[in-house]
Each structure stands twice: as C-alpha cells, then as structure tokens.
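Chemist: Let me give you the structure first, and then I'll get to my questions.
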Amino acid sequence: MTIIHNLGFPRIGLKRELKFALESYWAGKSDISRLLNIGKDLRRDNWNKQAQHGVDLIPVGDFAWYDHVLEWSATIGAIPDRFLHDPSKPVDIETIFKVARGWSSEDANEHASEMTKWFDTNYHYITPEIYPGQKFKLSRDDLFEEISEAIALGYEVKPVIPGPLTWLWLAKGEAYDKGPEDVRKLDLLDRLIPIYLEVLNKAQEIGAQWVQIDEPILALDIPKVWVEAFNGVYKQLSESPIKILIATYFETISDKSQLVRELSVDGWHIDVVRAPEQIQEVAGALNNNQVLSLGVVDGRNIWCSDFDAILDIVRPLKESLGERLWLAPSCSLLHVPVDLEAETELDEEMRGWLAFAVQKLRELKVIAYILDAPDSVDSINAIERQRSIINSRRKSARIHNPVVQKKMKRINEINIKRTPFSIRDGLQKERLNLPLFPTTTIGSFPQTQEIRVLRRKWRDGSISDAEYERGIKDEITNVIKFQEEAGLDVLVHGEPERNDMVEYFGELLGGFAFTKNGWVQSYGSRCVKPPIIYGDVVRPAPMTVTWSSFAQSLTDKPVKGMLTGPVTMLQWSFVRDDQPRKVTCQQLALALRDEISDLESAGIGVIQIDEPALREGLPLRRSNWSAYLRWAVDCFKLSTSVVSDATQIHTHMCYSEFNDIIESIADMDADVITIETSRSNMELLQAFENFHYPNNIGPGVYDIHSPNIPDQNDMVALMDRATRYLPREHLWVNPDCGLKTRGWKETRAALNAMVSAAQSLRYT
C-alpha cells in the first residue's frame with residue numbers, strides 16, 4: 001500500500017484558538033495552565049484530523065507556541081545572553097516569548113530577536129542568534145512529550161525538526177558578517193551534531209521509527225563547502241537507529257543528485273509541484289532501500305489538484321519503487337487554511353475549485369487509493385469527478401474580463417519612467433516644506449475593539465451606511481488630531497476601515513473571492529486571511545479616495561494616501577495558477593494606477609504604495625532572479641508613474657535582506673523608502689550606503705512587534721548610526737511597520753518619544 005505522510009499541519013486551529021489563547025495570556029487575562037491546555041487540545045485535534053483523512057505517519061513537532069525555528073533554537077539551548085536564561089535550566093515558554101517579543105524590566109529594555117521571511121513564503125521565523133564557541137545543550141523536552149502524547153493516543157508518529165545545516169544557514173551573529181553562507185558557522189557543527197544525535201536517539205527510544213529532518217537550503221544555490229558538509233553531518237546522524245527522511249521543498253534539488261547518491265539516509269522528500277523536472281534525476285540517484293516521498297499536492301496554494309497530471313508523474317514511479325514511493329503535500333500545510341468545510345458562504349462553484357489542508361490530505365488519500373487499485377470503479381469515478389472540477393474552472397465565464405483583456409493589450413505603450421529624482425526632490429520639498437528628519441508613520445494606527453465591532457456591525461447590516469461612515473470619520477478625526485498634537489510631519493488617516501492591507505483592496509476589486517475562516521499564520525499570534533485571485537483583476541470604483549480626502553480636509557499638514565502594492569497583493573493572496581504570475585501582477589498594477597491617479601486628482605500630495613513582499617517573491621535560484629525582478633519592479637512603476645513630479649511616492653518594505661537586490665530597489669525609484677532596521681541595529685543600511693542609494697530613506701527606529709515602549713535616547717542613537725551610512729538630508733524618522741496590532745497607550749508614548757528624538761536630531 002502507498003504510504004501517505006504529512007510534513008506539517010496548521011497550528012493555529014480552525015477558529016484561531018492559538019491566537020486568542022496567546023493574546024489572552026500575554027494580556028494577563030488567563031494563566032499558563034489554560035494556554036498549555038489549549039495547545040494540547042489543538043495538537044490532539046490536528047493529529048485526529050490527519051489520521052481521519054488517511055495520513056499514515058503523523059507529524060509531531062510541527063506545533064510551536066510562536067515559531068517552529070525558535071522552538072528548535074530553544075530545544076538546543078541557543079538562547080541569546082541578553083534574555084538572561086540560565087543555561088543550567090530548561091528553556092521555558094516565558095523565555096521563548098521574550099526572544100520573540102522582546103522584554104523590559106527596571107534595569108533593561110531588550111529588543112527581540114530578528115524576524116524574517118521563511119524562504120519565499122509570507123511566514124516569518126525568528127532568526128537564530130549564534131556566536132563563535134557557542135555551546136549547545138538539550139534544553140527543552142516539549143518535542144519528546146508530544147511524541148509520547150501522540151503515541152499514547154495510538155498514532156504512528158514522525159517527529160519533524162529543522163536540519164542542522166538549514167538551522168545554521170538561517171542563524172546570524174555579529175561575528176558572521178559574510179551573510180548566511182559564512183563558512184565559519186560550520187565550525188559549530190562539532191558542538192551541534194551531538195545534540196541532534198541525542199534528540200534522535202531519545203525520539204527512537206520513546207517509539208518513533210522515522211524522523212523528518214527539514215533541509216530546505218538544499219533548494220538554494222548554496223556554496224560547495226556547505227553541500228560537502230552534508231556528508232559528514234548525516235554520516236554521524238545515521239548512527240542513530242531512527243530512520244531519517246530528509247525533506248526539501250520550494251525548488252529543485254536535481255543539481256544535488258550526487259549528494260542524494262552519497263548520503264546514507266533512509267529517504268528523501270522532494271517538491272514536485274514547484275519542480276517536477278527533478279523527479280528522474282533524484283529517483284535515479286536513490287539506492288535500492290531508500291524511500292522517495294513526492295510532494296504532489298500543493299502546500300502553498302488552495303486549488304484542487306489535477307489528478308490526471310499527478311498520476312502521469314507517479315504511476316511510472318509506483319511501478320519501479322513500489323512501497324518505497326510515499327505521497328505527501330509539497331511542503332508543510334502551515335501555509336494554507338485548515339478546512340474548507342467552514343466556508344459555508346462561498347458559492348458552490350467556487351467551493352468546488354478549492355482545497356484547504358484537510359481537503360489536500362483527502363486528495364492524497366484518493367490518489368494513493370487510485371495507485372493501489374487503479375482499475376476499481378471507485379478509482380475511475382474519483383478521476384472523473386476531479387477532471388470535471390478542473391474543467392469547470394478552466395471554462396468558467398467568471399475567469400476572464402474583456403475590459404481587462406483590452407487594457408492588457410496596450411500595456412507596453414505606457415511610459416513607466418519618471419523624471420530623475422534630483423528634479424522631483426526639489427519640487428516635492430517646495431510643495432511639502434518639511435523639516436530635516438521629517439517624521440511619519442507607516443500607515444495603520446491601533447485597531448481597537450470598537451473599530452472591529454463597528455466594521456462587523458456594518459457588514460452584517462446591524463448599522464446603516466451613514467452610521468458606519470460617521471464612526472470611521474470620527475476615528476480618522478481622532479487619529480489626525482493626535483498626530484498633530486504629537487508633532488508628526490506627514491500624517492496618515494490610520495486605516496480604521498481596513499481589516500487587512502490586502503484583503504481590504506481585494507474586496508473592492510473584481511476577480512477576487514474571500515473566505516470567512518481561511519486564516520493562515522504569518523507569525524506568532526498574527527494571522528492573515530489571504531484573498532483568492534481567481535480571475536482578471538479590475539477596479540470598478542475608487543477605493544481609498546473618500547477617506548484620504550476627508551483626512552486631508554482636517555489638517556494643513558500633508559496626509560499620505562495609503563495603498564498596498566501590486567507585488568505584495570500578488571504574494572499575499574492565493575493566486576490563480578492558469579496564467580503567469582507576471583500577468584496577474586500587471587493587472588493589479590493597472591488597477592492601482594487608476595487609484596493613484598484619482599488620489600492625486602483629489603489633492604493628495606504624498607502617496608505610499610507598500611511593497612513588503614518584493615523580496616519574498618524572489619525565486620530561490622539566482623538564475624531566475626533577473627526575470628522576476630524585472631517584471632516586479634516594472635509593475636510597481638506601472639502603478640506609480642502616472643503622478644506628477646511634485647507628488648511624493650513612498651514605499652515600505654520590512655524584514656528583508658536588501659544587499660542582493662539593492663539595484664532593483666533603486667530601480668523602483670520611490671521618492672522615499674521606509675524599511676525595518678530597529679531589530680538589526682541599522683545594519684541593513686550598509687547596503688544602501690555601499691550602493692550610494694540616491695533617494696530618501698526612513699529606517700524604522702523602533703520595533704512595533706514588541707510591546708516595549710522605545711526609549712528616546714535609543715532612537716537618537718539609531719539615527720546617529722544611520723547618519724554614518726547616509727546623508728542627513730535623505731533620512732526620515734518612522735516606526736519600522738504599521739501600528740495596527742499595538743494599543744493606544746503604548747502608541748502615544750512611542751510616537752511622542754519618536755518625535756522628540758527627531759526634534760533633537762535637527763539641532764545636533
């Protein structure tokens with residue numbers, strides 16, 4: 001029989017139970033026992049769901065209180081010294097939260113560890129911190145407790161852990177200034193591998209027969225010395241009696257086929273949704289005892305699987321490998337919602353096209369059954385049902401819009417190049433009359449319970465349009481008043497009308513569909529509900545002009561119009577897979593171009609188009625970078641090039657390494673770029689200095705993902721450091737991201753301190 005396994009399951013719960021439990025605990029509204037019990041219930045529910053839908057090997061260790069990379073760092077005792085963890089004691093949950101969120105006391109105000117994107121996904125992980133000579137120690141038993149818990153419930157388990165080389169690649173430290181590939185990090189392997197062996201042996205003693213070790217860096221262009229390190233590492237790990245499955249995903253590893261031949265592990269998992277071309281190369285490199293796990297169901301998107309295409313791939317391998325062929329999703333199902341059955345308000349046609357985590361496991365079960373009983377009536381009927389679903393989507397009249405198709409035919413006629421920045425900058429300074437070190441925020445202000453209730457009542461018809469509009473205007477009025485009192489220079493309307501920076505716009509555009517419970521974890525307790533781009537994108541009417549114009553009418557200071565950029569809308573949605581992503585992005589850019597034109601016509605002189613996902617969309621292989629960056633940057637410019645020289649264009653990016661794409665960021669030609677630099681102590685600015693970035697930059701001076709109130713002197717010190725890299729005349733002062741998730745008390749204190757910091761900088 002064909003084995004089905006899973007690489008990981010969404011940990012947040014169908015109704016975001018983990019989110020609400022975490023936030024209740026952080027707010028002091030519930031105790032640790034309640035949090036632990038909710039986590040235990042979620043794990044049991046997840047295991048049960050997977051077993052019910054045919055998973056033979058249940059993943060254990062994919063659950064995490066904040067992030068699975070941080071959870072593993074805690075397990076091996078890699079906790080930075082500033083969090084005052086006693087290495088002789090286990091790492092407790094409070095320490096994990098300190099690392100993730102920062103902490104303060106009477107004597108210290110310590111910043112959280114850096115957070116960045118997990119490869120090319122919208123999931124954020126906490127970056128491990130390392131130093132030469134670091135010691136490792138098995139410091140957390142949660143993994144073993146969960147293995148025992150699952151086995152006691154009758155499940156056959158497969159622990160899931162980050163691989164040692166991937167963990168080291170992701171880690172950072174001041175001594176390792178050559179980036180992820182710094183070979184000096186490999187010196188830590190001699191200390192790290194014994195801990196891995198201890199974990200593997202203990203997992204086997206408890207009752208696990210297999211372990212999944214995730215090594216996704218094999219899908220990257222890693223240096224030869226890193227590839228060669230795999231031999232020594234896995235030769236040692238293979239000394240454990242537990243069977244090892246190395247999991248790779250997101251790209252091909254066909255260039256590592258020699259490594260597949262050499263490593264004495266028991267199996268390999270490869271992603272054949274993203275890279276089906278690698279199958280023959282990898283399968284041909286296996287020895288006669290190794291398992292090949294094929295990721296045939298897309299763990300990153302929500303469309304139903306094409307059984308015909310999958311069976312064309314797996315049938316020949318089933319004949320040659322037999323029971324050594326396993327089936328799985330392409331990657332962890334962390335990146336998709338839990339269960340489509342909760343979406344009772346989607347129309348039947350749309351529902352029929354979709355598959356969430358539970359449905360993807362169900363698809364795997366059916367595919368395995370077809371492989372094992374190809375001639376049965378049930379198999380034939382299953383193929384026909386799925387074929388009908390795929391064909392109905394391809395032929396649906398709702399997919400294509402003639403108006404959009406007509407505009408797309410003329411897209412190459414649009415001039416996307418603006419006047420040189422040196423000319424624009426002078427015109428904008430004359431228009432805006434801003435001081436040195438101008439202050440602003442990234443866009444959103446705290447989303448209070450009152451605002452959320454207002455939106456909810458309006459959506460369900462409990463209040464009239466007039467009542468809703470009055471409530472939103474009252475909030476905008478309060479936000480503008482606060483910003484003026486605080487002394488900010490460029491204001492925002494605060495975005496009280498927006499549920500999410502992508503979903504809000506999707507709801508006002510054609511070609512989008514939405515879920516009620518399609519939540520996906522972004523980081524920690526932060527969950528997003530990605531829209532579904534199923535057809536051609538069109539803007540039926542202005543989306544933000546009313547609110548921005550009202551805000552501008554309340555003040556003589558400039559108010560920024562706030563939009564989400566085309567690449568970010570693409571990256572943070574579930575995107576149609578029946579046309580190139582470039583084409584969908586161009587359609588989004590054309591829609592935003594119309595909106596930007598309308599904002600300018602309404603008198604808005606500063607417009608911010610956020611592109612935090614630009615780097616996230618980079619293909620994992622550098623050979624594919626130039627093509628992506630070309631169309632991604634052109635889509636941004638297609639959106640923004642409609643404005644006059646005196647209109648100032650801002651963009652925002654966060655949690656990205658900029659060194660290797662700095663030229664493309666410059667090609668975007670935004671007048672002001674705001675970026676995250678507080679957690680990295682301004683080190684990201686070195687890329688802008690080395691490149692001689694010509695435009696204006698606002699390096700985030702405080703971390704909005706931490707509840708800590710930033711110290712004015714610390715912000716001044718950060719900006720002083722920024723002036724080492726860039727001219728004072730080009731620097732703005734701002735938080736590192738939007739303030740949506742923060743409370744008003746801390747927001748007031750933080751922004752007052754930030755404005756005071758900027759004012760002191762002007763006179764030094």
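Chemist: Of the conditions (1) surrounded by fewer than 17 Cβ atoms within 10 Å (Cβ to Cβ); (2) at negative phi; (3) not basic (Lys, Arg), ILE213 fails just one. Which one is it?
Modeler: (1)
Chemist: Suppose the filter is open to solvent by less than 20 Å² (accessible area, probe 1.4 Å), farther than 15 Å from PRO542 by Cβ and in contact with a Pro (Cβ under 6 Å, 6 or more places away or on another chain); does GLY605 pass it? First the steps, then the outcome.
Modeler: On the way: open to solvent by less than 20 Å² (accessible area, probe 1.4 Å): yes; farther than 15 Å from PRO542 by Cβ: yes; in contact with a Pro (Cβ under 6 Å, 6 or more places away or on another chain): yes.
Taking the combined requirement at face value, the residue satisfies it.
Chemist: State the number of residues belonging to the range 82-99 that are over 23 Å from LYS19 (Cβ atoms), open to solvent by 20 Å² or more (accessible area, probe 1.4 Å) and touching a strand residue (DSSP E or B) at 6+ places or on another chain (Cβ under 9 Å).
Modeler: Here is the first cut: in the range 82-99, the residues over 23 Å from LYS19 (Cβ atoms) are 82-90.
Of the ones still in play, those that are also open to solvent by 20 Å² or more (accessible area, probe 1.4 Å) are 82, 84-90.
Next, from what is left, pick out any that are touching a strand residue (DSSP E or B) at 6+ places or on another chain (Cβ under 9 Å): 82, 84.
Adding up the residues that qualify gives 2.
Chemist: For the range 474-510: of the residues being open to solvent by less than 60 Å² (accessible area, probe 1.4 Å) and charged (D, E, K, R), which is nearest to ALA591 (Cα to Cα)?
Modeler: GLU503
Chemist: Same structure, new question: Consider ALA717 carefully, then state whether it is within 23 Å of the chain's Cα centre (by Cα), in a helix (DSSP H, G or I), farther than 30 Å from ALA591 by Cβ and free of Cβ contacts under 8 Å to residues at least 60 places away in the same chain.
Modeler: Criteria not met by ALA717.
Chemist: Separate question: Considering each of ILE697, ILE709 in turn, give the residue that is touching an Asp or Glu at 6+ places or on another chain (Cβ under 6 Å) and either within 21 Å of PHE482 (Cβ to Cβ) or not in a helix (DSSP H, G or I) (or both).
Modeler: The unique qualifying residue is ILE709.
Chemist: Give the residue that is least open to solvent (accessible area, probe 1.4 Å), with candidates limited to residues of the range 119-136 that are hydrophobic (A, V, I, L, M, F, W, C) and out of contact with any Asp or Glu (no Cβ under 9 Å at 6 or more places or on another chain).
Modeler: ILE130
Chemist: Checking SER522 against (1) hydroxyl-bearing (Ser, Thr, Tyr); (2) in contact (Cβ under 8 Å) with a residue 40 or more places away in the chain; (3) open to solvent by 10 Å² or more (accessible area, probe 1.4 Å): exactly one of these is not met. Which one?
Modeler: The single condition SER522 does not satisfy is (3).
Chemist: Tell me, which residue of the range 749-764 that is closer than 14 Å to TYR702 by Cβ and out of contact with any helix residue (DSSP H, G or I) (no Cβ under 7 Å at 6 or more places or on another chain) is surrounded by the fewest Cβ atoms within 10 Å (Cβ to Cβ)?
Modeler: If we take residues in the range 749-764 being closer than 14 Å to TYR702 by Cβ and out of contact with any helix residue (DSSP H, G or I) (no Cβ under 7 Å at 6 or more places or on another chain), then ALA749 is surrounded by the fewest Cβ atoms within 10 Å (Cβ to Cβ).
Chemist: Something else now. What strands (runs of 3 or more DSSP E) lie completely within the range 71-175 and have 3 or more residues being within 30 Å of ALA51 (Cα to Cα) and at pLDDT below 95?
Modeler: Answer list for the range 71-175: none.
Chemist: Sticking with this structure for a sec: Find the residue count for the range 300-346, including only residues that are of a type outside the set (Gly, Ala, Ser) and more than 24 Å from LEU570 (Cα to Cα).
Modeler: Count: 20.
Chemist: Mind listing whichever residues of the range 530-547 are open to solvent by less than 20 Å² (accessible area, probe 1.4 Å) and out of contact with any Asp or Glu (no Cβ under 6 Å at 6 or more places or on another chain)?
Modeler: Within the range 530-547, PRO530, ILE532, ILE533, GLY535, ASP536, VAL537, THR544 meet the criteria.
Chemist: Could I ask something else about it? Can you tell me which residue is least open to solvent (accessible area, probe 1.4 Å) among those in the range 415-443 that are polar (S, T, N, Q) and more than 33 Å from the chain's Cα centre (by Cα)? Lay out the reasoning, then the answer.
Modeler: Within the range 415-443, the first condition is being polar (S, T, N, Q), and the residues that meet it are 415, 419, 422, 428, 433, 439-441.
Add one more test, that the residue is more than 33 Å from the chain's Cα centre (by Cα), and what stays is 419, 422, 428, 433.
Numbers: THR419: 43, SER422: 93, GLN428: 1, ASN433: 127 Å².
Once the filter is applied, the top-ranked residue is GLN428.
Chemist: Another question, then. Can you name the residue in the range 633-666 that is part of a helix (DSSP H, G or I) and more than 22 Å from THR564 (Cβ to Cβ) and, of all such residues, is least open to solvent (accessible area, probe 1.4 Å)?
Modeler: Here the answer is ILE662.
Chemist: Can you find even one residue in the range 614-632 that is acidic (Asp, Glu) and open to solvent by 20 Å² or more (accessible area, probe 1.4 Å)?
Modeler: no
Chemist: Take the residues of the range 1-26 that are without any contact (Cβ under 8 Å) to a residue 40 or more places away in the chain and either polar (S, T, N, Q) or closer than 17 Å to ILE96 by Cβ (or both): which is surrounded by the fewest Cβ atoms within 10 Å (Cβ to Cβ)?
Modeler: SER24
Chemist: For the range 285-296, give me each residue that is small (Gly, Ala, Ser) and not in a helix (DSSP H, G or I).
Modeler: Scanning the range 285-296 gives SER293, GLY295.
Chemist: Given the criteria of a type outside the set (A, V, I, L, M, F, W, C), out of contact with any strand residue (DSSP E or B) (no Cβ under 6 Å at 6 or more places or on another chain), modelled with pLDDT of 90 or more and open to solvent by 30 Å² or more (accessible area, probe 1.4 Å), does ASN713 qualify?
Modeler: Here the answer is yes, as ASN713 does meet what is asked.
Yes/no matrix, rows are residues, columns are (1) closer than 29 Å to SER264 by Cβ; (2) open to solvent by 10 Å² or more (accessible area, probe 1.4 Å); (3) touching a Cys at 6+ places or on another chain (Cβ under 6 Å); (4) among the acidic types (Asp, Glu):
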site: VAL282; (1), (2), (3), (4): yes, no, no, no
site: ASN288; (1), (2), (3), (4): yes, yes, no, no
site: ASP339; (1), (2), (3), (4): no, yes, no, yes
site: SER388; (1), (2), (3), (4): no, yes, no, no
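Chemist: Considering only residues that are assigned to a loop (DSSP other than H, G, I, E, B) and in contact with a helix residue (DSSP H, G or I) (Cβ under 7 Å, 6 or more places away or on another chain), look in the range 419-440 and name the one that is nearest to GLY603 (Cα to Cα).
Modeler: My answer is PRO435.
Chemist: A further question follows. Write out, first by first residue and then by second, each pair whose Cβ atoms fall under 6 Å of each other, whose residues are 6+ apart or on separate chains, and whose first residue, in the range 369-398, is closer than 22 Å to LYS318 by Cβ while the second is basic (Lys, Arg).
Modeler: Close Cβ pairs (under 6 Å, with a partner that is basic (Lys, Arg)) amount to LEU371/LYS318.
Chemist: Let me ask something else. Can PRO727 be described as of a type outside the set (Gly, Ala, Ser), touching a residue at least 60 places away in the same chain (Cβ under 8 Å), farther than 27 Å from PRO446 by Cβ and surrounded by fewer than 21 Cβ atoms within 10 Å (Cβ to Cβ)?
Modeler: No; evaluated as a whole, the condition is false for this residue.
Chemist: Ok, one more. Check whether at least one residue in the range 22-38 is within 17 Å of TYR523 (Cα to Cα), modelled with pLDDT of 95 or more and in contact with a Gly (Cβ under 8 Å, 6 or more places away or on another chain), and report yes or no.
Modeler: yes
Chemist: When only residues in the range 548-588 that are over 25 Å from ARG398 (Cα atoms) and without any contact (Cβ under 8 Å) to a residue 12 or more places away in the chain count, which is surrounded by the most Cβ atoms within 10 Å (Cβ to Cβ)?
Modeler: Taking the range 548-588 first, the residues over 25 Å from ARG398 (Cα atoms) are 548-563.
This time we only want the ones that are without any contact (Cβ under 8 Å) to a residue 12 or more places away in the chain, so: 553, 556.
Working: SER553: 10, ASP556: 6.
My answer is SER553.
Chemist: Hey, any hits in the range 247-256 for a residue that's over 31 Å from the mean Cα position of the chain (by Cα), open to solvent by 10 Å² or more (accessible area, probe 1.4 Å), over 15 Å from LEU317 (Cβ atoms) and free of Cβ contacts under 8 Å to residues at least 40 places away in the same chain?
Modeler: From the range 247-256, those over 31 Å from the mean Cα position of the chain (by Cα) are none; that's our starting set.
No; the residues of the range 247-256 include none that is over 31 Å from the mean Cα position of the chain (by Cα), open to solvent by 10 Å² or more (accessible area, probe 1.4 Å), over 15 Å from LEU317 (Cβ atoms) and free of Cβ contacts under 8 Å to residues at least 40 places away in the same chain.
Chemist: Further question: Return the only residue of LEU361, LEU371 being within 28 Å of VAL528 (Cβ to Cβ) and either among the aliphatic types (A, V, I, L, M) or out of contact with any strand residue (DSSP E or B) (no Cβ under 9 Å at 6 or more places or on another chain) (or both).
Modeler: Sole residue among the options that is within 28 Å of VAL528 (Cβ to Cβ) and either among the aliphatic types (A, V, I, L, M) or out of contact with any strand residue (DSSP E or B) (no Cβ under 9 Å at 6 or more places or on another chain) (or both): LEU361.
Chemist: Oh, and also: Counting only residues that are touching a residue at least 24 places away in the same chain (Cβ under 8 Å) and more than 25 Å from the chain's Cα centre (by Cα), which one in the range 152-173 is surrounded by the fewest Cβ atoms within 10 Å (Cβ to Cβ)?
Modeler: So, considering only residues that are touching a residue at least 24 places away in the same chain (Cβ under 8 Å) and more than 25 Å from the chain's Cα centre (by Cα), the one surrounded by the fewest Cβ atoms within 10 Å (Cβ to Cβ) is LEU153.
The values are calculated or read from the model by the stated rules, or taken from the named source; none is laboratory data. Bear in mind that the values here come from a model prediction, so they are computed numbers and not experimental data. A quick note on method: Cβ atoms are made from the backbone with ideal geometry, for glycine too, and the neighbour counts reach across all protein chains shown. Quick note on the areas: whole protein, heavy atoms, side chains included, nothing else; ligands and nucleic acids left out. Shrake-Rupley method; radii C 1.70, N 1.55, O 1.52, S 1.80 Å.
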